[in-house]
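Before any comments, here is the structure.
The values are calculated or read from the model by the stated rules, or taken from the named source; none is laboratory data. Predicted model, so just to flag it, every value in this text is computed and none were measured. Here Cβ is always computed from backbone atoms with ideal geometry, including for glycine, and neighbour counts include all displayed protein chains.
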């Protein structure tokens, strides 16, 4: 646990980070598409969440998380994958629930939720995160065959974050992750997935968001944990 005497340093480093960070631009191109071919019915995939769902760090949405997961699923299932992604930079769980989830079209086979990072940075408490995640899961329970909650990636591995600040927010992210894991274990049609620790070649120019390689590595890990074998 972070030494309480270091909390003023955490505050100063957080202010410095917000003032100096130069974000990678958002991607261009359509936020939907189809990957793969085949005669079997397509898998319908929706990704919803914060800036990683919005694809910051790459040039097009097809190179981002959703497009990368779709390609992995198509390769693993020998079926086409229809994907869409709905994301917003800075979106907290509350905004995702109220503003982004209602934009999901049709009834996806999988909805992958990328959330929690901004709630950590906003210093939300664990009970607040539990309440918001509960509302997200309930909102998606009727609209998706399978809801997938992704682990919050490790902040400490981000080259953009000062070390003390990164360690502090990592502790909060770990708390949120444990809450999420336990909640998913108790709910049917809900899957908790882990993501690999980011490496140095994982990041875009801003040192915060994944680059194309980072998204592809994340997508490979995620697709390998999705229950697709029994889907016709």
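Given 53, 91, which one is over 19 Å from residue 146 (Cβ atoms), in a loop (DSSP other than H, G, I, E, B), modelled with pLDDT of 95 or more and in contact with a helix residue (DSSP H, G or I) (Cβ under 9 Å, 6 or more places away or on another chain)?
Working: 53 fails: over 19 Å from residue 146 (Cβ atoms).
Going through 53, 91 in turn, just one is over 19 Å from residue 146 (Cβ atoms), in a loop (DSSP other than H, G, I, E, B), modelled with pLDDT of 95 or more and in contact with a helix residue (DSSP H, G or I) (Cβ under 9 Å, 6 or more places away or on another chain): 91.
Which one is farthest from residue 224 (Cα to Cα) among residues in region 75-88 that are modelled with pLDDT of 95 or more and surrounded by fewer than 24 Cβ atoms within 10 Å (Cβ to Cβ)? Full working, then the answer.
Residues of region 75-88 modelled with pLDDT of 95 or more: 80-88.
Right, trim to surrounded by fewer than 24 Cβ atoms within 10 Å (Cβ to Cβ) and you get 80, 82, 84, 86, 88.
On the way: 80: 17, 82: 18, 84: 19, 86: 22, 88: 26 Å.
Among them, the one singled out is 88.
Counting only residues that are farther than 20 Å from residue 203 by Cβ and either without any contact (Cβ under 8 Å) to a residue 40 or more places away in the chain or touching a strand residue (DSSP E or B) at 6+ places or on another chain (Cβ under 7 Å) (or both), how many does region 160-174 have?
Residues meeting the conditions: 1.
Looking at residue 164, is it modelled with pLDDT under 95, in a helix (DSSP H, G or I) and either in contact with a helix residue (DSSP H, G or I) (Cβ under 7 Å, 6 or more places away or on another chain) or crowded, with 20+ Cβ neighbours inside 10 Å (or both)?
Values: modelled with pLDDT under 95: yes; in a helix (DSSP H, G or I): yes; either in contact with a helix residue (DSSP H, G or I) (Cβ under 7 Å, 6 or more places away or on another chain) or crowded, with 20+ Cβ neighbours inside 10 Å (or both): yes.
Considered against the rule, which asks whether it is modelled with pLDDT under 95, in a helix (DSSP H, G or I) and either in contact with a helix residue (DSSP H, G or I) (Cβ under 7 Å, 6 or more places away or on another chain) or crowded, with 20+ Cβ neighbours inside 10 Å (or both), residue 164 comes out as yes.
Suppose the filter is out of contact with any strand residue (DSSP E or B) (no Cβ under 9 Å at 6 or more places or on another chain), surrounded by fewer than 18 Cβ atoms within 10 Å (Cβ to Cβ), free of Cβ contacts under 8 Å to residues at least 60 places away in the same chain and within 30 Å of residue 37 (Cβ to Cβ); does residue 127 pass it? Give the derivation first.
Details: out of contact with any strand residue (DSSP E or B) (no Cβ under 9 Å at 6 or more places or on another chain): yes; surrounded by fewer than 18 Cβ atoms within 10 Å (Cβ to Cβ): yes; free of Cβ contacts under 8 Å to residues at least 60 places away in the same chain: yes; within 30 Å of residue 37 (Cβ to Cβ): no.
No; evaluated as a whole, the condition is false for this residue.
Evaluate region 130-137: report whether one residue or more is touching a helix residue (DSSP H, G or I) at 6+ places or on another chain (Cβ under 8 Å) and part of a strand (DSSP E or B).
Restricting attention to region 130-137, the residues satisfying the condition of being touching a helix residue (DSSP H, G or I) at 6+ places or on another chain (Cβ under 8 Å) are 130, 132-137.
Retained after the next criterion (residues that are part of a strand (DSSP E or B)): none.
Among the residues of region 130-137, not one is touching a helix residue (DSSP H, G or I) at 6+ places or on another chain (Cβ under 8 Å) and part of a strand (DSSP E or B), which makes the answer no.
Taking region 24-45 as the region of interest, how many residues are touching a helix residue (DSSP H, G or I) at 6+ places or on another chain (Cβ under 7 Å) and either in a loop (DSSP other than H, G, I, E, B) or crowded, with 19+ Cβ neighbours inside 10 Å (or both)? So that I can check it myself, show each step before the final result.
Let us first name the residues in region 24-45 that are touching a helix residue (DSSP H, G or I) at 6+ places or on another chain (Cβ under 7 Å), namely 27, 29-31, 33, 35-36, 43, 45.
With either in a loop (DSSP other than H, G, I, E, B) or crowded, with 19+ Cβ neighbours inside 10 Å (or both) added as a condition, the list becomes 27, 29-31, 35-36, 43, 45.
Here the count works out to 8.
Count, please, the residues in region 96-122 that happen to be under 12 Å from residue 52 (Cβ atoms) and in a loop (DSSP other than H, G, I, E, B).
Qualifying residue count, region 96-122: 2.
Go through (1) touching a strand residue (DSSP E or B) at 6+ places or on another chain (Cβ under 6 Å); (2) free of Cβ contacts under 8 Å to residues at least 60 places away in the same chain; (3) crowded, with 17+ Cβ neighbours inside 10 Å; (4) assigned to a helix (DSSP H, G or I) one by one and return the number of the condition residue 181 breaks.
(3)
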